[in-house]
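Everything on this sheet refers to the single structure shown next.
The values are calculated or read from the model by the stated rules, or taken from the named source; none is laboratory data. Remember, predicted model here, so these are calculated numbers, not experimental data. Every residue, glycine among them, receives a Cβ derived from its backbone with ideal geometry; neighbour counts consider all protein chains shown.
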Amino acid sequence: MLTANRNVRVRYRPIRIGLCVENGDLENLRRAIRVTHAFWGGKFNPVIPVRAPSADELVRRFRVDLLFGMGQSNSVKDFIGRFPHLAWPLFDSSLFAPAPGGVDANFLDVSHSLNRIADQIGSPGFPTNDEDVSHPEQNPYGLIHWSSDDPLGDLLLTTFGAYPAPEEIGRDYERFIRENIRPAHYWASQSSEFPAYLLDQTMPTDICGLDLTWDRIPSTESIGFYAGMASAFEDLVNYWNLRAADLNVVFLDPQHTKRLGNLREEHLRFIRQRQNSTEYRETGIHIWSRSQEIVQGLGFDPALVPHFFAIDGTAIIGGNLRPPLHYFKNRTVVASLSEEIGEPVLALQLPDKPFESDDAFSQQHFVVSVKPPFENHDDERTLWTPYLPGLNQWYGRQLRSESLTARVEVEGIGIICPISDESLELSPMNKQALANRLFEFAGIEANQSIPGRIASRLIEQLGGLRGCRVFKIAGVRNLIKEYGPLQEFDRTAATRIIGNRDLEGRLHFSEYESIFLEPREPKKTKLTPEDAFLYLLDKGVFRAGLTLTCSVCELEFWVGLDDLSTQMDCDVCGRRFNISRQLKDRGWTYRRSGLFGRDNNQEGSIPVALTLQQLVANLDSLYDGSLFLTNISLKPVTAKIEPCETDLFVAMQGQDRVQVAVGECKDAGGAITAEDARKMAAVADSFPHEQFESYVIFSKTAPFTPEDIENCRQAQPKNQRFRVIMLSNRELEPNRLYERTSQDYEIRSLTRSLSNMAEVTHAVYFAPRVKSR
């Protein structure tokens, strides 16, 4: 058994539940909002009107873990059934279930927060009932109550929160707050304005969000107002979902300006205070609404409302709004990666939990989010899970042999676990199998080809992609190409070709002297042609031998060093003879060896290996998880492509979409044809835009010809400005991709993504921005 330790980032987070309601069903909307306040993180659970045009988008954008139906309508049931990758992970299909001593939540609930608050309060002198409160604004905790006929009751519910009735769920959260936290109570009167201090008190909607932080900023505009009608189902849902995305918005209704006046002014004061800080320089007010007419009814100075975000219909959220996931805090643990019976397993002990995990909460569940450790790109297995929620069940079977508990995340994988779990094990997946699943999204059947296997073995022979840096040297590529498998050469010829020595004996090797192949002597700072040749010998690219002359038939033949002996059998006539007399003053010669000893040009593997090596070395974000695979044969299933082969396949994580690239790699004598461009463009077009960003890579170990450039241009679609990536020897040979190119063109010299590389290609080949001299 082989064992290695790896640092792994672990996050604990609540389960995100999408609460599904029938469009216009106010009663079940109220139930949904009350129920969600009972769960830790509940304020970030979206409400999904199942017949709204944006319903599927809400599920995707909020990255929900589960869907729960409020009500039993067929529309709700049918909608939930459309998401098998969010299948319910527990035997019990309810939110609350019988437990020892009563009823308990199936997922992390606010009992943990409430117990902590109660312990912290102790006996600080807070009044024990609301009649004794002369200054309620001084109490940090509050509860709001309203009559059933209050026209702003639903608005108070969505803004400040409330809990389900005990008879509905079997637990009384409000009673615990009254008795142990002793909040200030506010009884809403339809004839009175709401006091401003309500916005500063910790209410039920705040309690269920305590101690949580987001994994990303939800929007560049994160504070403002929502303008709507407090009685409208659509506006209440939109308002709730904006707040569930962690936007700090306050609801304004032009029909109730007086009652909401204090809340409006207090929130405006807060906005102005924030805008006066050095971090924020805007002076306008952000307002979200379904109607410009409603916004105008609020009476704001139009000059102060430059940012009106129209919400078209029910529950549609703005294009740049990216709701975050909320977690407790990051932890780093040491995990053990071991191999048992040929199968690797990553095992980790879970760190201390920020919530109670005793028997009283034994049936509650939470999510353990694991960001995979740094991987060796040469391994055949990976723990990287591209953010494709449709693969949740497949990820679960591969990683855990259990299909219902895995929830893929942008930065790793989440596993739904019982609150009592203390450890976790994950089994890495086969990279080729993962690539095959990605191609299935495009309607393509993918399999590694024979050239792909050859390229993989070639990369392995060089010690992995890092070892393929030796192919950056043009002289190395020329040496391999110049001498066939049955041709020998001496060391002088090898170093002359590698060093590009001219007729006057001068080397032209300065561009490669900084390449690092292996540790050098302390005083030796520059790579030499001799170093490169010795490296190739160590990796078995060439082998040493002698040319002997048979003493019987007097014909020559070559023998490798490992096969030499005093008595040799002639390769021509088969007779045995003694070679001792031929060893005097003899120099060693060399021939290609291993895969390089085959007369098939290694099926074009050298430009493929060099291209992948350069991508690995220059795209920092790939180290968080990626795929680099050699030649894959592709056949259409539903995709409109021709049977073809991609020389490489690259996949990496973007923001919410997976970036993928296919392409063609040519040596110095090859050409990018119109057929190459057409086939690769069709493959890239087949990946669904909602889940993938697709790119086409064309690489060549020589400059592109004008015909190459024009053919590559044909793979650029009209609806995606930057998709084609072109890499010539000018980009493949330096340590940094655009180290040489940036000397001649107005481009960024450092790139961090495939999209950056496509932009540079456009500026170099399709719309050149040449530097002025």
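Per-structure values
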| quantity | calculated |
| --- | --- |
| Residue in the stretch 390-398 that is closer than 19 Å to Leu90 by Cβ and either in contact with a Gly (Cβ under 8 Å, 6 or more places away or on another chain) or basic (Lys, Arg) (or both) present | yes |
| Extreme residue, nearest to Val103 (Cα to Cα), among residues of the stretch 84-93 that are surrounded by fewer than 18 Cβ atoms within 10 Å (Cβ to Cβ) and not acidic (Asp, Glu) | Ser93 |
| Of all residues in the stretch 484-543 being modelled with pLDDT of 85 or more and hydroxyl-bearing (Ser, Thr, Tyr), the one that is farthest from Phe557 (Cα to Cα) | Ser514 |
| Cβ pairs under 9 Å, 6+ apart, first in the stretch 440-451 and among the β-branched types (Val, Ile, Thr), second part of a strand (DSSP E or B) | Ile444/Leu634; Ile444/Lys635; Ile444/Pro636; Ile450/Asn631; Ile450/Ser633 |
| Checklist (1) closer than 30 Å to Glu375 by Cα; (2) of a type in the set (A, V, I, L, M, F, W, C); (3) surrounded by 24 or more Cβ atoms within 10 Å (Cβ to Cβ) applied to Met652, failing item | (3) |
| The stretch 589-599, residues that are surrounded by 12 or more Cβ atoms within 10 Å (Cβ to Cβ) and part of a loop (DSSP other than H, G, I, E, B) | Ser593, Arg598 |
| Any hit, the stretch 703-712, residues being among the aromatic types (Phe, Trp, Tyr) and buried (at least 24 other Cβ atoms within 10 Å of the Cβ) | no |
| The stretch 64-84 residues that are without any contact (Cβ under 8 Å) to a residue 60 or more places away in the chain, paired with ones that are assigned to a loop (DSSP other than H, G, I, E, B) and surrounded by fewer than 21 Cβ atoms within 10 Å (Cβ to Cβ) (beta carbon under 7 Å, 6 or more apart) | Leu66/Trp88; Leu67/Phe83; Phe68/Leu95; Gly71/Asp25; Ser75/Arg51 |
| Helices (runs of 4 or more DSSP H) contained entirely in the stretch 680-773, each with at least 1 residues that are within 25 Å of the chain's Cα centre (by Cα) | 754-761 |
| Which listed residue, of Thr751, Thr761, is more than 13 Å from Leu615 (Cα to Cα), touching a residue at least 12 places away in the same chain (Cβ under 8 Å) and buried (at least 18 other Cβ atoms within 10 Å of the Cβ) | Thr761 |
| Filter result (within 18 Å of the chain's Cα centre (by Cα), closer than 19 Å to Ser686 by Cα and of a type in the set (D, E, K, R)) within the stretch 408-455 | Arg437 |
| Close pairs from the stretch 289-302: first over 12 Å from Gln255 (Cα atoms), partner hydrophobic (A, V, I, L, M, F, W, C) and assigned to a helix (DSSP H, G or I), Cβ under 7 Å, at least 6 apart | Ser289/Val295 |
| Among (1) of a type in the set (Lys, Arg); (2) part of a loop (DSSP other than H, G, I, E, B); (3) surrounded by fewer than 17 Cβ atoms within 10 Å (Cβ to Cβ), the one test that Arg259 misses | (3) |
| Residue check, Arg30 without any contact (Cβ under 8 Å) to a residue 40 or more places away in the chain and more than 19 Å from the chain's Cα centre (by Cα) | no |
| When residues of the stretch 733-748 are limited to those that are within 26 Å of Tyr512 (Cβ to Cβ) and charged (D, E, K, R), the one surrounded by the most Cβ atoms within 10 Å (Cβ to Cβ) | Glu733 |
| Residue check, Met203 at pLDDT 95 or above, among the aliphatic types (A, V, I, L, M) and out of contact with any Gly (no Cβ under 9 Å at 6 or more places or on another chain) | no |
| Those residues of the stretch 534-583 which are under 30 Å from Glu518 (Cβ atoms) and in a helix (DSSP H, G or I), in sequence order | Leu534, Tyr535, Leu536, Leu537, Asp538, Leu561, Asp562, Asp563 |
| Arg723 basic (Lys, Arg) and within 18 Å of Leu648 (Cβ to Cβ) | yes |
| Some residue of the stretch 1-12 being assigned by TED's automatic domain parsing to the domain that holds Arg216 and within 31 Å of the chain's Cα centre (by Cα) | no |
| Leading residue by the ranking (farthest from Ile641 (Cα to Cα)) among those in the stretch 429-445 that are of a type outside the set (S, T, N, Q) and in contact with an Asp or Glu (Cβ under 8 Å, 6 or more places away or on another chain) | Lys431 |
| Residue satisfying all of: in the stretch 340-374; over 17 Å from Val10 (Cβ atoms), of a type in the set (Asp, Glu) and part of a loop (DSSP other than H, G, I, E, B); modelled with the lowest pLDDT among these | Asp358 |
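Each row is one residue, and each column tells you yes or no for (1) farther than 18 Å from Ala245 by Cβ; (2) not charged (D, E, K, R).
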| position | (1), (2) |
| --- | --- |
| Val10 | yes, yes |
| Ile33 | no, yes |
| Thr36 | no, yes |
| Lys77 | yes, no |
| Leu86 | yes, yes |
| Leu90 | yes, yes |
| Gly101 | yes, yes |
